[in-house]
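Enquirer: Let me begin by handing over the structure; questions about it come next.
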Amino acid sequence: MAQSVANRVALYASVGPELTHYEVDVEGATLARRGTVALPANVHYAWPHASRRFLYVASSDSASGIGGVVGRNHHVTALAIDPASGALSRHGEPIELPTRPIHMTTDIPSEYILVAFSNPSGLNVYRINSDFTPGAEVSQSDDIDPGIYAHQVRVRPDNRVVILVARGHDANGVKPEEPGALQVFSYRNGQLTAEISIAPGGGYGFGPRHLDFHPTQPWLYVSLERQNRLDMFHHTDNSLLAAPLDQQGTLGEPDNIRGRQAAGTVHVHPNGRTVYVANRASSTRDGMFVGGENTIAVFAIDGATGELRPIQHVDTRGIHCRTFHIDPSGRLLVAAHIMGLATSDGFVPAALSLFRIADDGKLDFVRKYDVEVGDRQMFWMGMVGL
């Protein structure tokens, strides 16, 4: 049976500057490719308006990471979402950004857009105009310390606190380790004030990448990219407790690391009983994948304490799962892989992998859709309920 309009879900996935719409059949766990729109540069992140009628997209022609191409074309663009079909269309003119955006969000009522920048690290706030287009930057009354290599910005569900996740850097042959931190701000009407830095151990051995909030409890879950770990924090009225209350490794085989192994995106299930973390590996030798874990680690959440118990590590059937998302009903998880790569078993293309979510939170692979990316990357993917 055709899905009702109220239950329709749209999936959007980027390849370079192109953002493609897929219609999602949650019950059947299938995707149907629809239209594609072009952004001013490569898509880096996107976030829907609270009304689910607009999608704000951050794009840049700078390369990811440090040491690559530094571009000059950085924007936030508003796209209108057709409420019946999920089709995208350009809405107004984009605004320019000062440098490459790594992450973005709106505040809870979608009155402001918050954009995180990684290199140099930074955090800016922009108004959303009455016509839903992105507007002018909001001048901040307090100076902002963005930490080292910001990687994500999130607004707490009560709209009173903003957290900027600063990853830091591992030591290398030239420089010592640079510490990571969670930069916590009080937030009101676009203003970021009363900044506090949460950095266990001074931020050394603490390399956070992403966080997600529990839907009903004062808990948040932070993936540590550089330590392959998931930390659970308790948040207070205006900040966080200084140290995590629980820590769990994300790898199924922590003693069998073959190349660079990094934890990535984290999402709490809408029912608050499970949390999911991506493990990513894509190192090569002579053009061939050297191996590693490309998995989703699944943790059950203790309903009384918020503590974690690992219950599954499931192969995502692709290389370097940079993003994954859970549909609003909590029944389907889709994992997006940024690239194709040669392996000892043949070439593995970039792909969207679909998993059913069982009542206990475990994942069951259903199918995957290969995506042709050429020399580009499938850098972002997300779902929006219509």
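The values are calculated or read from the model by the stated rules, or taken from the named source; none is laboratory data. Note that the coordinates shown come from a computational prediction; the quantities given were computed from them, not determined experimentally. For neighbour counting, all protein chains shown are included, and Cβ atoms are generated from backbone atoms with ideal geometry for every residue, glycine included.
Enquirer: With respect to Ala194, determine if the residue is aliphatic (A, V, I, L, M) and more than 18 Å from Glu177 (Cβ to Cβ).
Expert: On the way: aliphatic (A, V, I, L, M): yes; more than 18 Å from Glu177 (Cβ to Cβ): yes.
Yes: the conditions hold for Ala194.
Enquirer: Further, regarding this structure: Condition (residue is modelled with pLDDT of 95 or more, more than 23 Å from His313 (Cβ to Cβ), hydroxyl-bearing (Ser, Thr, Tyr) and in the same structural domain as Val334 (by TED's automatic domain parsing)) applied to the range 230-250: is it met by at least one residue?
Expert: No - not one qualifying residue is present in the range 230-250.
Enquirer: Scan the range 76-93 residue by residue and report those that are over 11 Å from Arg53 (Cβ atoms) and surrounded by fewer than 21 Cβ atoms within 10 Å (Cβ to Cβ).
Expert: Matches in the range 76-93: Ala84, Ser85, Ala87, Ser89, Arg90, Gly92, Glu93.
Enquirer: Among the residues of the range 281-290, are any on the phi < 0 side of the Ramachandran plot, touching a residue at least 24 places away in the same chain (Cβ under 8 Å), in a loop (DSSP other than H, G, I, E, B) and surrounded by fewer than 19 Cβ atoms within 10 Å (Cβ to Cβ)?
Expert: Scanning the range 281-290, I find at least one residue that is on the phi < 0 side of the Ramachandran plot, touching a residue at least 24 places away in the same chain (Cβ under 8 Å), in a loop (DSSP other than H, G, I, E, B) and surrounded by fewer than 19 Cβ atoms within 10 Å (Cβ to Cβ), so the answer is yes.
Enquirer: Kindly state which strands (runs of 3 or more DSSP E) lie completely within the range 63-146 and contain at least 1 residues that are of a type in the set (S, T, N, Q). Please lay out each step first, then the result.
Expert: Working: elements: 74-81, 88-90, 101-106, 112-118, 121-128, 134-137.
In the range 63-146, the matching strands (runs of 3 or more DSSP E) lie at 74-81, 88-90, 101-106, 112-118, 121-128.
Enquirer: Please enumerate the residues belonging to the range 342-354 that are among the small types (Gly, Ala, Ser), out of contact with any Asp or Glu (no Cβ under 6 Å at 6 or more places or on another chain) and under 14 Å from His320 (Cβ atoms). Even if it seems obvious, please write down each step before you answer.
Expert: In the first step, residues of the range 342-354 are kept if they are among the small types (Gly, Ala, Ser); the result is 342, 344, 346, 350-351, 353.
Filter once more, keeping what is out of contact with any Asp or Glu (no Cβ under 6 Å at 6 or more places or on another chain): 342, 344, 346, 350, 353.
Passing the criteria: Ala342, Ala350, Ser353.
Enquirer: Report the residue count in the range 355-386 for those that are in contact with an Asp or Glu (Cβ under 8 Å, 6 or more places away or on another chain), closer than 20 Å to Arg280 by Cβ and either in the same structural domain as Val57 (by TED's automatic domain parsing) or surrounded by fewer than 21 Cβ atoms within 10 Å (Cβ to Cβ) (or both).
Expert: Qualifying residue count for the region: 1.
Enquirer: Right, something else. Can you tell me which residue is nearest to Ala29 (Cα to Cα) among those in the range 343-354 that are hydrophobic (A, V, I, L, M, F, W, C) and surrounded by 15 or more Cβ atoms within 10 Å (Cβ to Cβ)?
Expert: Only one residue tops the list, namely Leu354.
Enquirer: Can I ask one more? If you scan the range 128-155, which residues turn out to be crowded, with 17+ Cβ neighbours inside 10 Å and under 19 Å from Arg90 (Cα atoms)?
Expert: Ile128, Phe132, Thr133, Pro134, Gly135
Enquirer: A further question follows. Inspect all residues belonging to the range 252-273 and state whether any of them is closer than 24 Å to Arg167 by Cβ, in contact (Cβ under 8 Å) with a residue 40 or more places away in the chain, surrounded by 22 or more Cβ atoms within 10 Å (Cβ to Cβ) and touching a Cys at 6+ places or on another chain (Cβ under 6 Å).
Expert: no
Enquirer: Of all residues in the range 12-52, count the ones that are in a strand (DSSP E or B), farther than 24 Å from His210 by Cα and touching a Ser or Thr at 6+ places or on another chain (Cβ under 6 Å).
Expert: Pass one, the range 12-52, residues in a strand (DSSP E or B): 12-15, 18-25, 30-38, 42-48.
Next cut, farther than 24 Å from His210 by Cα only: 18, 20-25, 30-38.
With touching a Ser or Thr at 6+ places or on another chain (Cβ under 6 Å) added as a condition, the list becomes 18, 20, 36.
Residues flagged as in a strand (DSSP E or B), farther than 24 Å from His210 by Cα and touching a Ser or Thr at 6+ places or on another chain (Cβ under 6 Å) within the range 12-52 amount to 3.
Enquirer: Any residue in the range 346-354 that is among the aliphatic types (A, V, I, L, M), in the same structural domain as Ala297 (by TED's automatic domain parsing), in contact with a Lys or Arg (Cβ under 6 Å, 6 or more places away or on another chain) and more than 25 Å from Glu18 (Cβ to Cβ)? Steps first, answer last, please.
Expert: At the first step, the residues of the range 346-354 found to be among the aliphatic types (A, V, I, L, M) are 348, 350-352, 354.
If we keep only those that are in the same structural domain as Ala297 (by TED's automatic domain parsing) as well, we get 348, 350-352, 354.
Going one step further and asking which of them are in contact with a Lys or Arg (Cβ under 6 Å, 6 or more places away or on another chain), we end up with 351, 354.
With the extra rule that they be more than 25 Å from Glu18 (Cβ to Cβ), the set shrinks to none.
For the range 346-354, residues among the aliphatic types (A, V, I, L, M), in the same structural domain as Ala297 (by TED's automatic domain parsing), in contact with a Lys or Arg (Cβ under 6 Å, 6 or more places away or on another chain) and more than 25 Å from Glu18 (Cβ to Cβ): absent.
Enquirer: Considering only residues of the range 183-203 that are under 23 Å from the mean Cα position of the chain (by Cα) and part of a helix (DSSP H, G or I), which is nearest to Arg167 (Cα to Cα)?
Expert: Gly203
Enquirer: Pairs, please: C-beta under 6 Å, at least 6 apart or cross-chain, first residue of a type in the set (Gly, Ala, Ser) and in the range 73-88, second modelled with pLDDT under 95 and in a strand (DSSP E or B)?
Expert: none
Enquirer: Further question on the same structure: Out of all the residues in the range 236-277, which are charged (D, E, K, R) and in a strand (DSSP E or B)?
Expert: Quick first cut of the range 236-277, residues charged (D, E, K, R) only: 237, 246, 253, 255, 258, 260, 273.
Hit for the range 236-277 is Asp246, nothing else.
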